[in-house]
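Below is one structure, written out as C-alpha cells; comments come after it.
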Amino acid sequence: MSMRKKFVASAALGALLLGSLGLGSMPAQSADKPAAGVAAGLTAWYKLDEAAGTLAKDATGKNPDAQLKGKAAFKPGQGVALDGTDSYVALPNDLLAGHEAVTISYDVWVDADQATPYFIYGLGNTTDNAGDGYLFNTGNFNRATIASGNWSTEQVTGTPGKNLDRGRWVHTAYTQEAEAGVLYIDGIEVARNPAVTVTPASIGGGKTSANYLGKSVYTGDKNLKGKMRDFRIYDRAVTTAEVDALALPVNQAQVAADKAALDLGDLSAVVASLNLPLKGANGSVISWTSSDPAVISESGAVVRPAPGEPDAAVTLTASISHGSLTETTTFQATVKTGSGADADAVEAALAALEVVNIEDVRGNLNLPGQGLNDTWVSWASSNPAVVSSDGIVVRPAPGTEDTTVLLSATVERNGVEGMREFTAVVRVAPAETEYAGYAFSYFKGEGSATGEQIYFGKSIGNDPLQWEDVNNSEPVLSSTLGEMGVRDPFVIRSPEGDKFYMIATDLKIHGSGDWGKAQTWGSRNLMVWESTDLLTWSEQRSVQVSDENAGNTWAPEAYYDDELGAYVVFWSSKIYTTADHSDSNNNRIMYATTRDFVTFSDPQEYYNPGYQVIDTTMIKNEGNIYRFTKDERNRTAESPDGKTIFMERGAGILDVDSFTTLATGIGTGTINAGEGPTVFKSNTEEKWYLFIDEFGGRGYVPFETTDLDSGTWTPSAAYTMPTAPRHGSVIPVTAAEMAALAAIGQPAATPTPLPTPDPTGTPTADPTTAPTADPTGTPTADPTTAPVTSEATESTTPGGAATGTTTGTTAGTSGSAAGAADPGAATDSGLANTGWNQTMLAAMGAMALLSGLVLALHSRRKRSRH
C-alpha cells in the first residue's frame, strides 16, 4: 500500500494570517473577485475586470491604460481572453523602472492545447526580434526568468521537468529581493534561486518598451492561449503570508469545486476495494482517513468481515487541499461480509502470478499491482535496500557476491487474502569498463528474401566511420513470428550495463510491396530479443504495444528514464477513429513504459505535430534530451523539409512541452532524402555522430558535430559502412563485446539460448486479424494522404539502398547494387542463435583476452552507467 502525505490546514494560523493583512472579516471570495488586500508597495494593478472595450485601467492610478490587441476580449469574471494567435495586452512602458525588488502576481488559465514556447507575461525589450533584457514567466517548464540581455544571460527560478497545470485557474507569484528569487504556485513556494543578481531596475536602464501580457519579447515565440486577470506589480518582495492571501480566491474556488465533485458512488454494500481519488479535477490534493483502517484502509483497500460476522460500518474522511487551504467531507460506507468464491479467485490468482527475470535480476522488476480475477496485489521485501516493495533494484557492488531477496506477494479480493513468496537472485553489478568500439544493428531492405532480418556490423577499432560486416554479411537473427520479417532494429544497453534489449518492427514487405496495408492493418506488435553479451540471444518474443485503432507500429526505440526507473519505448503509428480504419490519418509518435520488455503500460500519444512524422531517436547530454525525427511529408512549397530529419532539444524525454527546434532539413545538399536516424557519442572525444539513411540512394551517410546545441551537422569526410545497412542503431561496446561480435558465424554446435521470460498473459497480435507491421525508416510517403511522387517511387524501389559497401568520397571504393551477392544465398536464415563447442570457446577466450588488452590501450572513454 502506498504512503501518502496528508495536508492539514491550521484554522488558527489562517485567522492570524488574514488578520495581519486586514482581511480578518473578509467573506469567502469567489475566484471571479480578486483579493483586494496586500496594497503596500503596489506600483501597477491591472484587474482586467472591465465589461467591454479595449482599454484596461491601472487601479493604482499611477500608470496609463493597457491596450487589448488583436482578438483579446474581456470576459465577465474571467479577465481577458486570449486566443493564442494575435491577441495580447500591451502594457505601458517602463513598468520596472526603479524596482530594485519586485513581486509579480496574477491569475492565469492556460488552455490544454497551448503551443510552445510561450510567455505568460514579458516585461523588457526586444532587439532584432530577440529579447534584450527582460523578466518573464512561462509554464513550460514552470519558471520565472530575468535576463540582462538575450537568453544566454538568463537567471532562472523554476521547477525543471514540471509544467504549469493547464485547463484550470492558477495563481502565480514571483518575488525577488536581495538576490533571492522565489516562485509560488497557488500560494505555495515551489522554487527558490538564492543567486539572482540581475535586478528589475537594471533592465534597459529602467527603460522597457516590450511589456506584454500573453506575448513574448521574442517575436518567434507563441502567444498565450487562455485567460489572465488580476495582474499586479510591487516594488518589494511580498511576504509568504501575503502571497497566500493573494492566492486565496483561486484556492477557495478550486477546493469548493473539487469538494462538490467528489463522489464515491453507492457505499451501502461495499464488497471490493475502493478507488479513493488523490487529486481533484481543479488541482486540489485529496488525502483520506478511515474510522476503521482494518476494514477500509486509507488507500481504499477493503478487508471484508469473515463469514458469520456482521457487516462493518466505516466513515471515510476526505481532506481537500489547495495551497494552504483545506476543507473536509465525509462518506459513510457499509462493508459486507465475505464469501467462499473470493477464496477460489485469490487461489487462482496466486498460482498465475509471475515475476519476469526473478532468477537473474539485473534491473528493476515489474511487480504487478493487479492480478487474475480482479485481484489486488501488494508486495513486501526481506531486504528493501536491495529490492524495494515497488521493484526498485540496487545491485551488490562490483567485487562482492550475488544476493537473494525474498519477495512476498499478498493477493486480495473483497477482503479475502492469500500470500505467495518469490526468491529473487540479484546479480553483482558489473565493473565499469572502457569502450573499445561500436556495434551496428540494421536490416538491408525489402529487395531480397532475407533482407528484412537482423544484421550486425562492427567498427574497426574505435573508429566510428570504418566498419566491417559480422557473420559474413548474413543475418544474425531471423524472425519466426508475426510477419516473418523484421526491420528497424534498435539495441539498448541497460543502465547497469550488462543486459541488452533489441526491439524491432514486425513487417515484411518483400513479396507483397503493400505499403498501404502496412499502414492500415499492420502489426500492432514489437519483436523483442535479449542478450547479456551480444553473442547469445534469447528466443524471439512478440509483444503487443498498440491498441486496435492503430494501423501500424513502426521503428520502435527505447530510452531509460532514471526518474521513472523504467524504459520509455516509442514508435510511430497511424491512429484511426473508425472501426474499418477508413479515415485519413497521419503517423505520429506513440509511447509506453516497461521495466522488462514483457509487460508494457497502455500506449499514449507522445508527439503529433498534425502531419506525418516517423523514426524518432534521441540522445541525452548535460541534462538535455536531443530528439531527431523524420518529417514524412512529401517535399512541397508548404513542406520544403519533407523527407528529411529535424532536430529538437528538450528538458526531459516526457517533458514534451519543453522541446524546441534546433535544426530542420539536416543533410540537405549532401543527401537527397533521409530517414532512420541513429545518433551516438564518440568513445574518444567530444564529438557526436548522426547516421542518416538516404533511402533509395546510398543507404546510411554519416554526419558529425562537436556542439549539439548548434544544430549544425557536417558530412563526415571519409567512411566505410558495412554492407547495405538500412534503418538501424549504433551503440558503443567493450573489447569483450567486440570479440563476441567477431565470433558470430564461427562453426556452430547446439544452440544454447538464454532463459526466456514467460510472456504468458502478454497480448500478441493474431496474424489472421493483424497482418503486416511497421516499416519505420520506411521510405514511402503515405499513399492514403499524398499522391505518388518521384520521391515515393524512389523510396519504395526494391532493395532500397545499394547492396554494396558504402564509402565516402575518399575511401577508394563505391557502393554497387550490381556488384553484391544475394545476402540470403549462402545462409540458413533460421539459424538465429549459435552455440560453441568447448575447444572453440577456449580459443576464442584467448583471442578475446588479447584483443581486449590491445583495444583497451586505444580506448579512453569509460562506459556510461546510464
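For region 163-284, what is the relative contact order in percent, using Cα pairs closer than 8 Å and at least 6 residues apart in sequence? Please list the in-between numbers first.
Details: 106 pairs, mean separation 29.5, N = 122.
Value for region 163-284: 24 percent.
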Which FRET efficiency value, to the nearest 0.05, do you get for GLU189 and ASN549 by plugging their Cβ-Cβ distance into 1/(1 + (r/R0)^6) with R0 = 35 Å? 0.20
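Summing Lys, Arg as +1 and Asp, Glu as -1, what charge do residues with Cβ under 10 Å from the Cβ of PRO464 carry, PRO464 excluded? Write down the numbers at each step before the final one.
Values: positive: LYS681, LYS687; negative: ASP463, GLU704.
Local net charge: 0.
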Amide H within-cut-off set for VAL190, under 5 Å, with H built and near neighbours excluded: LEU183, TYR184, ILE185
For region 199-213, what does the Karplus curve 6.51 cos²θ - 1.76 cosθ + 1.60, with θ = phi - 60°, yield as ³J(HN,Hα) per residue in whole Hz, taken in order and with x for Gly and Pro? 9, x, 5, 7, 5, x, x, x, 9, 10, 10, 10, 10, 9, 10
May I ask for the distance between the Cα centers of region 603-645 and region 112-146, given as a whole number of Å? 25 Å
Go through region 533-548 residue by residue and turn each phi into a ³J(HN,Hα) via Karplus (6.51, -1.76, 1.60, θ = phi - 60°); whole Hz please, and just put x for glycine and proline. 8, 6, 9, 9, 10, 5, 4, 5, 9, 10, 10, 6, 10, 9, 7, 5
Quick one: of LYS71/LYS215; LYS259/LYS279; LYS643/LYS687; LYS458/LYS620; LYS225/LYS630, which pairs are farther than 19 Å apart, Cα to Cα? LYS643/LYS687; LYS458/LYS620; LYS225/LYS630
Non-local residues with an amide H under 5 Å from the amide H of VAL416, with H modelled 1.01 Å from N and Pro and chain starts lacking one, are ARG304
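Applying 1/(1 + (r/R0)^6) with R0 = 41 Å to the Cβ-Cβ distance of ALA39 and LYS71, what FRET efficiency is obtained, to the nearest 0.05? Could the numbers behind the result be given before it?
On the way: r = 33 Å, r/R0 = 0.80.
FRET efficiency, ALA39 to LYS71: 0.80.
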Neighbourhood charge, 12 Å Cβ-Cβ cut-off, centred on LEU55 and excluding it, Lys, Arg +1 and Asp, Glu -1: -1
Trypsin sites (Lys or Arg not before Pro) restricted to region 156-263 and DSSP loop, no more than 13 other C-beta within 10 Å: LYS207
Report the calculated FRET efficiency for ASP602 and ASP707 (r = Cβ-Cβ distance, R0 = 45 Å), to the nearest 0.05. 0.70
How far is the Cα center of region 166-203 from the Cα center of region 422-501, in Å? 48 Å
Between region 524-548 and region 208-282, how far is it from one alpha carbon centroid to the other, in angstrom? 44 Å
Taking the Cα centre of region 317-460 as the origin, how large is its charge dipole in debye, to the nearest 20, when only Lys and Arg (+1) and Asp and Glu (-1) carry charge on their Cβ atoms? 260 debye
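All of the numbers you see were taken from the coordinates with simple rules; none came from a lab. Remember, predicted model here, so these are calculated numbers, not experimental data. Cβ coordinates were reconstructed from backbone atoms using ideal geometry, including for glycine residues, and neighbour counts include every protein chain displayed.
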